[in-house]
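Student: Below: one structure in structure tokens.
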Amino acid sequence: MDRAVAPPVTAGAIEAGARAVDATAAAPLLQVERLSKRFAVAGRRGSFLHAVDDLSFHIRAGESFGLVGESGCGKSTLVRLLARLLDPSSGRIVFDGVDLAELGSAGFARRPERALIQMVFQDPSDSLNPRFTARDTIREPCLLLAGMDRASADARVDEVAAQVGLPLELLSRFPHQLSGGQKARVGIARALAPRPRLLILDEPTAALDVSVQAVVLQLLDRLRRELGLTTLFVSHDLNVVRLLTDRVAVMYLGRIVEVGDSAEVFAQPAHPYTQALLSAIPGHGPRVRLAGEVSSPIDPPPQVCRFASRCPLAHERCSREAPPLQAGAAQPGHPPGSHPGSHPGSHPGSQTGRAASRSPGHDLRHDREHLAACHVARFGVQWPLPVLMAD
């Protein structure tokens with residue numbers, strides 16, 4: 001069984017540590033601009049599935065950014081685009097001033113930026129080479145990406161193994177000889193080995209037992225604070241996202257419908273989809289049930305709101321026109337301006353943002369009537385901290 005090497009961390013320290021890095025004033029490390037990925041549909045010539053559709057957001061240096069949404073919304077595709085495992089159909093991925101979208105995914109493996117963007121995969125078992133020992137797995141990126149010689153690489157392996165709490169005697173073992181938690185630590189150590197600046201966490205604890213999940217989450221939060229990492233945290237566990245991220249974005253059918261400060265989004269969800277998503281947590285407010293059918297992601301009309309078929313606040317105009325993204329200031333507790341060219345209250349917007357002082361740049365703004373209705377219907381959510389157990 002996997003044992004936590006570090007001493008137990010209190011729940012209060014975890015929540016305080018998640019906000020320890022003041023990312024508000026930091027410059028964006030990653031800037032995503034109108035990013036799209038379309039897949040051709042077999043047997044339907046000229047038809048495309050819009051997995052990621054015209055997304056724009058940014059992640060500041062030192063920030064922990066969360067991404068949530070139900071299965072099939074495009075989270076994994078977006079992660080693969082950002083990690084340069086897939087080529088985008090259009091848009092820009094600007095990392096530290098370099099547009100990575102212009103670099104093919106095949107050639108990106110030989111770029112210096114490859115070492116700076118690393119990923120912790122969802123299933124630690126499937127993501128490890130069964131023919132490699134733990135030492136081989138962690139050493140490989142040091143040799144291929146960081147340009148280290150074998151002696152330096154082995155020293156780096158010992159260093160990151162200590163950082164993730166992996167005993168040195170386990171480094172000679174193969175994946176089938178390790179527990180789930182130990183394999184998760186190997187995957188984290190492999191990602192940290194080339195000293196990345198952006199760490200993408202694609203549901204890193206989804207395949208682990210609950211007790212092991214808590215230990216690994218504590219480890220990831222500690223490493224982020226100690227190493228000053230920028231992280232993109234993708235998860236279905238909304239409580240974890242609330243505790244371990246500074247800002248959060250909510251995805252629906254390939255688009256971001258809400259983004260803002262994590263505490264504010266979870267306490268005052270403005271978009272009806274966010275409200276429904278949060279209400280699915282047992283024991284936390286009245287359940288918001290969505291009627292209607294999910295819109296098809298195949299050749300969706302670009303002008304139509306994707307959520308209109310299920311939105312309890314939708315009206316006729318939503319099926320003809322989606323509200324545009326709006327940037328601008330908004331005061332906490334006061335809804336921002338209405339849809340351009342319409343009188344206030346005529347068109348419920350589909351996206352929202354937070355106060356400009358907390359989320360400048362590409363944060364999204366909401367239509368007046370829609371936001372007002374959402375505020376009337378909102379519920380306060382005060383989740384208890386998760387039980388943190390050392391496995």
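The values are calculated or read from the model by the stated rules, or taken from the named source; none is laboratory data. Quick caveat, the model's predicted, so the values are computed rather than measured. Please note: Cβ atoms are built from the backbone with ideal geometry, for glycine as well, and neighbour counts cover all protein chains shown. Just so you know, the surface numbers come from the protein's heavy atoms only, side chains and all, with ligands and any DNA or RNA stripped out. Shrake-Rupley method; radii C 1.70, N 1.55, O 1.52, S 1.80 Å.
Student: Given the options Pro282, Pro204, name the one that is touching a strand residue (DSSP E or B) at 6+ places or on another chain (Cβ under 8 Å) and in a loop (DSSP other than H, G, I, E, B).
Tutor: Going through Pro282, Pro204 in turn, the sole match is Pro204.
Student: Only one of Gly107, Gly97, Gly180 is of a type outside the set (D, E, K, R) and touching a helix residue (DSSP H, G or I) at 6+ places or on another chain (Cβ under 9 Å); which?
Tutor: Step by step, each of Gly107, Gly97, Gly180 is checked, and only Gly180 is of a type outside the set (D, E, K, R) and touching a helix residue (DSSP H, G or I) at 6+ places or on another chain (Cβ under 9 Å).
Student: Is one or more of the residues making up region 164-175 touching a helix residue (DSSP H, G or I) at 6+ places or on another chain (Cβ under 9 Å), open to solvent by 20 Å² or more (accessible area, probe 1.4 Å) and closer than 19 Å to Ala115 by Cβ?
Tutor: As a first pass, look at region 164-175 and keep what is touching a helix residue (DSSP H, G or I) at 6+ places or on another chain (Cβ under 9 Å): 164-168, 170-175.
After this cut, where a residue has to be open to solvent by 20 Å² or more (accessible area, probe 1.4 Å) as well, the list is 167-168, 172-174.
Subset that is closer than 19 Å to Ala115 by Cβ: none.
No, the conditions are met nowhere in region 164-175.
Student: Now a separate question. If only one of Ala263, Ala206 is open to solvent by 10 Å² or more (accessible area, probe 1.4 Å), of a type in the set (Gly, Ala, Ser), on the phi < 0 side of the Ramachandran plot and free of Cβ contacts under 8 Å to residues at least 24 places away in the same chain, which one is it?
Tutor: Ala263
Student: Continuing with the same structure: Can you spot a residue in region 152-169 that is under 23 Å from the mean Cα position of the chain (by Cα), modelled with pLDDT of 90 or more and under 21 Å from Gln182 (Cβ atoms)?
Tutor: Yes, some residue in region 152-169 is under 23 Å from the mean Cα position of the chain (by Cα), modelled with pLDDT of 90 or more and under 21 Å from Gln182 (Cβ atoms).
Student: In addition: Consider region 209-245. How many of its residues are open to solvent by 10 Å² or more (accessible area, probe 1.4 Å), over 17 Å from Gly260 (Cα atoms) and of a type outside the set (A, V, I, L, M)?
Tutor: Qualifying residue count, region 209-245: 10.
Student: Given the conditions (1) more than 21 Å from Ser262 (Cα to Cα); (2) open to solvent by 10 Å² or more (accessible area, probe 1.4 Å), which single one is not true for Gln31?
Tutor: For Gln31, the exception is condition (1).
Student: A further question on this structure: Take Leu313 and decide whether it is in contact with a Phe, Trp or Tyr (Cβ under 9 Å, 6 or more places away or on another chain), open to solvent by 40 Å² or more (accessible area, probe 1.4 Å) and modelled with pLDDT under 90. If you could, list the steps in order and put the result at the bottom.
Tutor: Working: in contact with a Phe, Trp or Tyr (Cβ under 9 Å, 6 or more places away or on another chain): no; open to solvent by 40 Å² or more (accessible area, probe 1.4 Å): yes; modelled with pLDDT under 90: yes.
It is false that Leu313 is in contact with a Phe, Trp or Tyr (Cβ under 9 Å, 6 or more places away or on another chain), open to solvent by 40 Å² or more (accessible area, probe 1.4 Å) and modelled with pLDDT under 90.
Student: Also, I was wondering about something else. If a residue must be closer than 15 Å to Gln118 by Cα and touching a Leu at 6+ places or on another chain (Cβ under 6 Å), how many such residues does region 199-233 contain?
Tutor: 6
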